[in-house]
């Protein structure tokens, strides 16, 4: 074996050692327990692409990323890594790396193009196929119901400022549990609530290497404190209704 390891070689070796419970060559630290999950995570908008394929509706990120000046280099998630069409290849890579857990997010607007109403069966079928592929590869699926990509149709009706969005989320969560719960045993409701609340609804100023940097996320609103306070209230309500 060559003495040179690239990043993929290292991850594969580390993942295999974790699963086997054996120490890595030269390791002096205790090994991970056999039950330890060595996983990776993604977000739907960051990887899926195919923003209008098979009946998918727009999300706030589909809208926001196309506003001139909002994204560096004008980048969007229209293609990303084309996971929607190449998910089998991606799962094979995870298996090759020795991954045994995968946290992915479900695009709400792929399931409910208008946020509510009749579900899109082709969207449900995609995630069902993904879950089956993961299980076949020996990878435990962890589903995230919301990774910041609210259906644009709901945003147009008030978004997280509206109590109706909390109920819509609960209905969406119920459908996902019904359709995938026989195979997916672990779900997350809302990912990083503070980020989409603050950064999405008034922006946040932070210091990076001594410089003031403003971070803004979709939907890119500039709300008053009183208006922003409605957002986490309804988000936490959505979590409660969903579980």
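Might you check whether a residue that is in contact with a strand residue (DSSP E or B) (Cβ under 8 Å, 6 or more places away or on another chain), surrounded by fewer than 21 Cβ atoms within 10 Å (Cβ to Cβ) and more than 30 Å from residue 233 (Cβ to Cβ) occurs anywhere in the range 160-183?
Yes, there is a match, as at least one residue in the range 160-183 is in contact with a strand residue (DSSP E or B) (Cβ under 8 Å, 6 or more places away or on another chain), surrounded by fewer than 21 Cβ atoms within 10 Å (Cβ to Cβ) and more than 30 Å from residue 233 (Cβ to Cβ).
Any chance you could count how many residues in the range 134-150 are surrounded by fewer than 18 Cβ atoms within 10 Å (Cβ to Cβ), touching a helix residue (DSSP H, G or I) at 6+ places or on another chain (Cβ under 9 Å) and part of a helix (DSSP H, G or I)?
At the first step, the residues of the range 134-150 found to be surrounded by fewer than 18 Cβ atoms within 10 Å (Cβ to Cβ) are 135-138, 140.
So of that shortlist, the ones also touching a helix residue (DSSP H, G or I) at 6+ places or on another chain (Cβ under 9 Å) come out as 136-138, 140.
Next cut, part of a helix (DSSP H, G or I) only: 136.
So the count comes out to 1.
Condition first: surrounded by 10 or more Cβ atoms within 10 Å (Cβ to Cβ) and either more than 16 Å from residue 69 (Cβ to Cβ) or in contact with a helix residue (DSSP H, G or I) (Cβ under 9 Å, 6 or more places away or on another chain) (or both). Now tell me which residues in the range 209-225 satisfy that.
Of everything in the range 209-225, those that are surrounded by 10 or more Cβ atoms within 10 Å (Cβ to Cβ) and either more than 16 Å from residue 69 (Cβ to Cβ) or in contact with a helix residue (DSSP H, G or I) (Cβ under 9 Å, 6 or more places away or on another chain) (or both) turn out to be 215, 216, 217, 218, 219, 220, 221, 222, 223.
Just to be sure, is residue 206 without any contact (Cβ under 8 Å) to a residue 60 or more places away in the chain, touching a helix residue (DSSP H, G or I) at 6+ places or on another chain (Cβ under 7 Å) and surrounded by fewer than 16 Cβ atoms within 10 Å (Cβ to Cβ)?
On the way: without any contact (Cβ under 8 Å) to a residue 60 or more places away in the chain: yes; touching a helix residue (DSSP H, G or I) at 6+ places or on another chain (Cβ under 7 Å): no; surrounded by fewer than 16 Cβ atoms within 10 Å (Cβ to Cβ): yes.
No; evaluated as a whole, the condition is false for this residue.
Does residue 135 fit the bill of being within 16 Å of residue 61 (Cα to Cα) and out of contact with any strand residue (DSSP E or B) (no Cβ under 6 Å at 6 or more places or on another chain)?
Considered against the rule, which asks whether it is within 16 Å of residue 61 (Cα to Cα) and out of contact with any strand residue (DSSP E or B) (no Cβ under 6 Å at 6 or more places or on another chain), residue 135 comes out as no.
For residue 153, all conditions in the list (1) surrounded by 16 or more Cβ atoms within 10 Å (Cβ to Cβ); (2) assigned to a helix (DSSP H, G or I); (3) under 18 Å from the mean Cα position of the chain (by Cα) hold save one; what is the number of the exception?
(3) is the only condition that residue 153 fails.
What's the number of the condition residue 154 fails, among (1) over 27 Å from residue 77 (Cα atoms); (2) out of contact with any strand residue (DSSP E or B) (no Cβ under 6 Å at 6 or more places or on another chain)?
Looking at each condition in turn, residue 154 falls short on (1).
Those residues that are more than 15 Å from the chain's Cα centre (by Cα) and either modelled with pLDDT under 95 or closer than 14 Å to residue 242 by Cα (or both), I need them from the range 170-193; list them, please.
170, 171, 172, 174, 175, 177, 178, 181
I need the helices (runs of 4 or more DSSP H) fully contained in the range 1-79, keeping only those with at least 2 residues that are exposed (fewer than 14 other Cβ atoms within 10 Å of the Cβ) and modelled with pLDDT under 95.
7-20
Which condition from (1) touching a residue at least 60 places away in the same chain (Cβ under 8 Å); (2) within 30 Å of residue 129 (Cα to Cα) is the one that residue 184 breaks?
Checking residue 184 against (1) touching a residue at least 60 places away in the same chain (Cβ under 8 Å); (2) within 30 Å of residue 129 (Cα to Cα), the one that fails is (1).
Residues in the range 80-97 that are touching a residue at least 24 places away in the same chain (Cβ under 8 Å) and either part of a loop (DSSP other than H, G, I, E, B) or out of contact with any helix residue (DSSP H, G or I) (no Cβ under 7 Å at 6 or more places or on another chain) (or both): how many?
Final tally of qualifying residues: 7.
The values are calculated or read from the model by the stated rules, or taken from the named source; none is laboratory data. All figures in this text were calculated on a predicted structure; none of them were measured in a lab. Cβ coordinates were reconstructed from backbone atoms using ideal geometry, including for glycine residues, and neighbour counts include every protein chain displayed.
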